[in-house]
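The structure appears right after this line, and notes come after that.
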Amino acid sequence: MKPILEVKKMTMDFGGLRAIDNVDLSIEKGQIVALIGPNGAGKTTFFNCITGIYTPTSGDVYISPHGKSDRQKERINGLKPNIVTRKGLARTFQNIRLFTSMTVLENVMIGCHAITKAGIMGAIFRGSAAKAEEQLIVEKSYAILEKIGLAKYVNELAINLPYGAQRRLEIARALATDPFLLLLDEPAAGMNPQETQELDDLILKIRDTEGISILLIEHDMKLVMSLSEKIYVVDYGRKIGEGTPEEIRNNPVVIKAYLGEEIDA
């Protein structure tokens, strides 16, 4: 099986600062992979390079949605974020970025509009084709909310949702773009233990029932160790370890980088 995402020798410079230094990473279809490291290690910058927010200074980012052959491999460096999304990569952010004055359903519909033919303008002017597509978007968005466990909030303003539900709504909106790879940037940040367990179950459900691969950045090591099949560790922009949870748990270089933090909590 070929990787569905393959990052080769990625480097990202900001002036004289090297935020990412020659990092390799790959994900196979159906995998849950974690990218971990201390604060300021370059994890979110790495996500930004993959999803088109930044163009890497050097290196390559390849996607192969079906992971079957090198002939399907496509280089996506420098593509705009909306194009990257259309190609099947969706993400969430460290800080919740919902449209708080819109309903839960409308937030998911925004994700659908990112990949529709009519787009936002078609929805505004509402020709016959746009109306038909809009009805399909409503149905699709509600179905996603049912899968995520948020259907009961369908007409609630996003700002009124409990914190954990807001996090889940961000994931629902990302799923509305029909990704083959979902990138989650600290999805458990600020969650209580019950919410974190629900998130753990949700990520597994997305992988197992939707066939979507997952790449996550996370500081909750219990979540990382329980979910991930493979873990990459970065520190000061450099990759210092990769392997299974057990290999990472016992890697002395990784332990040192965390300055004695419990990485197997």
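Laboratory data are not the source of any read-out in this text; all were calculated from the coordinates shown. Because the structure is predicted, anything quoted here is derived from the model rather than measured. All Cβ positions, even for glycine, are placed from backbone atoms using ideal geometry, and neighbour counts span all protein chains on display.
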Exercise. Among Phe14, Phe99, Phe46, determine the one that fluctuates most according to a GNM of the chain built with springs between C-alpha atoms less than 10 Å apart.
Key: Phe14
Self-check item: Over 20 Å between alpha carbons, listed pairs Lys152/Lys222; Lys8/Lys43; Lys9/Lys239; Lys29/Lys222; Lys2/Lys29; Lys43/Lys256
Solution: Lys152/Lys222; Lys29/Lys222
Exercise. Beta carbons within 10 angstrom, averaged per residue: use that to sort the peptides 183-193, 165-175, highest first.
Key: 165-175, 183-193
Quiz item: Which value, in debye to the nearest 20, describes the size of the charge dipole of the chain about its Cα centre when Lys and Arg Cβ atoms bear +1, Asp and Glu Cβ atoms bear -1, and nothing else is charged?
Solution: 980 debye
Exercise. With a/c under 1.5 counting as rounded, go ahead and sort segment 1-116 into rounded, prolate or oblate using the C-alpha gyration tensor (a ≥ b ≥ c being the square roots of the eigenvalues; past the cut-off, prolate if a/b is larger than b/c, else oblate).
Key: oblate
Quiz prompt | 222 nm mean residue ellipticity, helices alone, for the chain (DSSP H n ≥ 4; -39,500 (n - 2.57); rounded to 500) | solution = -11000 deg cm²/dmol
Practice problem: Sort 138-151, 240-253 for me by packing, meaning the mean count of neighbouring Cβ atoms within 10 Å per residue, highest on top. | Solution: 138-151, 240-253
Practice problem: Starting with the highest mean, order 156-164, 101-109 by the number of other Cβ atoms within 10 Å, averaged over the residues of each peptide. | Solution: 101-109, 156-164
Quiz item: From the backbone phi of segment 130-144, what are the Karplus-calculated ³J(HN,Hα) couplings (6.51 cos²θ - 1.76 cosθ + 1.60, θ = phi - 60°) in whole Hz, Gly and Pro given as x?
Solution: 5, 5, 5, 5, 4, 5, 5, 5, 4, 5, 5, 5, 5, 4, 5
Self-check item: Total formal charge among the other residues, if their Cβ is under 11 angstrom from that of Glu106, Lys/Arg +1 and Asp/Glu -1
Solution: 0
Exercise. Report, for the chain, the % of DSSP beta bridges that are antiparallel, rounded to 5.
Key: 55 percent
Quiz item: Taking the Cα-to-Cβ direction at Asn160 and at His219 and moving 7 Å from each Cα, how far apart do the two end points lie in nm?
Solution: 3.2 nm
